[in-house]
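Working notes, structure below.
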Ligand SMILES: C[S@@+](CC[C@H](N)C(=O)[O-])C[C@H]1O[C@@H](n2cnc3c(N)ncnc32)[C@H](O)[C@@H]1O
Ligand code: SF4
Ligand code: SF4
């Protein structure tokens, strides 16, 4: 069975097989969450609308995710960026910590044309939430979320996601908020913890290789294209969208070599060796 899958997962793949492109508005963030994979050592910056559109044009037929690391609502032009994304993609998905989601921004988000919003809220109590999401205020963010859900009135699909520690009961935050479509729970440090946790959406991959290098493309605010959306620190840069097209980068020698090594189970980028999505 494995051999059959490997045959299908060639090193050189059609660009159309990539179905998600993350475009990072900014890596600036107002929080310091305990589980965050960003070591905050990258130069802070904000994507220009021109660069954002240059990437979006190349994303026809793909899902655009205007986030990577950082808090997307810290980009002053975020709603214009979302509107650009919706010109080229029929599925635009945002992840936010909701700290800046005041009434004006809540209205702008609902009206932006976005299809899916995921809100990160990691805690059932003030103590737990503020212990995980360092710098956030439980009452203020709860108010932002409740107001947004009311304004949204199920127009845009909304998930409120809670990350838990391995071993904790998998309880979502539906008791705190009313009006989301889904309340999901995932395991904290899920990118570097292996194993299934009851009731949780774990990312653990039980195949030998990870499918991300075949399907996902992340572009950082400065145009660097990195290996995957778990590479929040941009440690594995594959190309530069200012110089080459996404398609060219996608099937360039570096990506082909990474896929090839992943299929064969031979040394892969350092970042993959500790990641739960790769099981050599
Ligand atoms: C990188 S953040 C960017 C958007 C926004 N700042 C937020 O917190 O929602 C996107 C999602 O990745 C999650 N995340 C960050 N580091 C992670 C890690 N090491 N393991 C699992 N999830 C992680 C965050 O909790 C958040 O839900
Ligand atoms: S998880 Fe999101 S909000 Fe928290 S530090 Fe990382 S980027 Fe910022
Ligand atoms: S195994 Fe590698 S490519 Fe896959 S998600 Fe992990 S770091 Fe990214």
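For the reader, a short list of remarks on this structure follows.
- The chain: calculated mean residue ellipticity at 222 nm from DSSP helix runs of at least 4, using -39500 (n - 2.57): -8000 deg cm²/dmol
- Gain on full stretching of the segment that runs from residue 44 to residue 153 - 0.36 nm per residue minus C-alpha separation: 35.8 nm
- Subtracting the Cα-Cα distance of residue 182 and residue 139 from 0.36 nm times their residue separation leaves 13.4 nm of extension gain.
- Label positions at residue 175 and residue 256, each projected 7 Å from the Cα along the C-beta direction, are separated by 5.6 nm.
- Panel order for 214, 250, by other beta carbons found within 10 Å of each beta carbon, from fewest to most: 214, 250.
- Note on residue 28 and residue 51: their simple-model spin labels are 1.4 nm apart, each label 7 Å out from Cα toward Cβ.
- Arranged from fewest to most other beta-carbon atoms within 10 Å of their beta carbon, 129, 88 become 88, 129.
- Cβ-to-Cβ counts within 10 Å put 36, 226 in ascending order as 36, 226, the fewest first.
- Two-site FRET efficiency, residue 237 against residue 128, from Cβ-Cβ distance with R₀ of 30 Å, rounded to 0.05: 0.25
- Viscosity 1.567 mPa s, temperature 4 °C, Stokes-Einstein D of the chain from Kirkwood C-alpha radius, µm²/s: 67 µm²/s
- Contact order normalised by residue count of the chain, Cα under 8 Å, 6+ apart, percent: 21 percent
- Expressed as a fraction of 2.2 N^0.38 Å, the value expected for a compact globular protein of N residues, the C-alpha radius of gyration of the range 107-187 is 1.09.
- Length gained on full extension, residue 273 to residue 215, computed as 0.36 nm times the residue gap minus the Cα-Cα distance: 19.0 nm.
- log10 of Debye I(q)/I(0), alpha-carbon scatterers only, for the range 34-89 at 0.19, 0.20, 0.31 Å⁻¹: -0.72, -0.78, -1.32
Just so you know, all these numbers are worked out from the coordinates, no wet-lab data involved. The model shown is predicted, which means the values in this text are computed figures rather than measured ones. Every residue, glycine as well, gets a Cβ built from its backbone with ideal geometry; the counts of neighbours run over all protein chains shown.
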